[in-house]
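The values are calculated or read from the model by the stated rules, or taken from the named source; none is laboratory data. Keep in mind the model is a prediction, meaning the values are calculated, not measured. FYI the Cβ positions are ideal-geometry reconstructions off the backbone, even for glycines, and counts take in every protein chain you see. Please note that ligands, DNA and RNA were not included when accessible areas were found on the heavy atoms of the full protein model with its side chains. Shrake-Rupley method; radii C 1.70, N 1.55, O 1.52, S 1.80 Å.
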Amino acid sequence: MVVAVQTYWIKVEDIDVKLVFKHIKHLHIGVYPPRGEVRVSVPFGFQEEYVRQAVRSRLPWIYKHSERFQRAASQNMQKMVSGEFHYVWGRRCQLSVTEQPGHALVTLEDDRLDMRVPPGSTSDRVRHYLDAWYRTELKNAIPGVLRAWEPIVGARASDWGIRRMKTLWGSCNASSGRITINLELAKKHPESLDCVVVHELVHLLERGHGPRFKARMDRAMPDWRARQHRLSQSVSSPGLWTPS
């Protein structure tokens, strides 16, 4: 089925806003990665002035989330050179990059992230080496987190994987029992990984985010809302898994 939409841009205060008119019942305002684009889904027939009023009423929220995405985008555009700061398990660590023959090597000591890279490595190559190290960190951490929380939740993942996701911290396939974890979680405090894993395990039992889902989350991890909030406010956060 083809869904009819109409799209154009308006300016509200100092913000460019993309209007997307759809066959929907309610207006929805969203802020989206990677640069914090403001997009409003609008029911056909809504007058533009009503849309402007709705956007103005949400300006503090829009500014807050736009700035967060812009900070995340800036961090992703780092040059990967000595002196920059990168996050590892919630800690702000200073990067040191040294060229030396042989394979790339990444080590973490206190708040110093040391990288030994082959001579002539480009910034993209250095980023690739660091991402591979983050992936290894997550691979080492996830099995223990699953062992700790599966008995508490009462669900078991049949398999798991890691990939970079723009708008989700985690996802699951309830039919196969497989869960997927966002690579970016290696940069966050370990409590965030626990929260995402529990969230996806609960989804193996409850597909939606309704009262039964929240009740299971409350039983398994009573402070999950606080953890989710801290994760959503952290630097370089792609988004939330659940509606507010």
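General remarks:
- Checking the Cα-Cα distances for K11/K188; K18/K214; K79/K214; K22/K166; K11/K214 against a 31 Å cut-off, the pairs over it are K11/K188; K18/K214; K79/K214; K11/K214.
- DSSP finds beta bridges in the chain, and of those with both partners inside it, around 60 percent are antiparallel.
- Under 5 Å, built H, 5+ apart or other chain: amide partners of V88: C93
- Accessible area per residue in Å² at 1.4 Å probe, computed on segment 24-65: 61
- Candidates per trypsin sites (Lys or Arg not before Pro) in segment 138-195, loop by DSSP, up to 12 other Cβ within 10 Å: R156, R164, K166
- The string of couplings for segment 156-168 from the Karplus curve (6.51, -1.76, 1.60, θ = phi - 60°) is 10, 6, 6, 6, 8, x, 10, 7, 7, 10, 7, 10, 10 Hz, one whole number per residue in order, with x for Gly and Pro.
- 4 °C / 1.567 mPa s Stokes-Einstein diffusion coefficient of segment 21-137, Kirkwood radius on C-alpha pairs, µm²/s: 75
- Computed over segment 93-175, Kirkwood Rh from alpha-carbon pairs, angstrom: 15.3
- Of all beta bridges that DSSP places with both ends in segment 114-229, some 45 percent have antiparallel geometry.
- If R0 is taken as 30 Å, the Cβ-Cβ distance between K11 and R225 corresponds to a FRET efficiency of 0.25.
- Note on H103 and A174: with the Förster distance fixed at 30 Å, the Cβ-Cβ geometry gives a FRET efficiency of about 0.15.
- One chain, two ends: S123 and R207. Fully extended at 0.36 nm per residue, the span grows by 26.2 nm beyond their Cα-Cα distance.
- Integer Hz, Karplus 6.51/-1.76/1.60 couplings in order for segment 55-61, x for Gly and Pro: 5, 4, 5, 10, 4, x, 5
- Residue among F85, F46, F69 with the largest mean-square fluctuation in a Gaussian network model of the chain, springs linking Cα atoms under 10 Å: F46
- Cα convex hull, segment 143-244: 91 Å³ per residue, rounded to a whole number.
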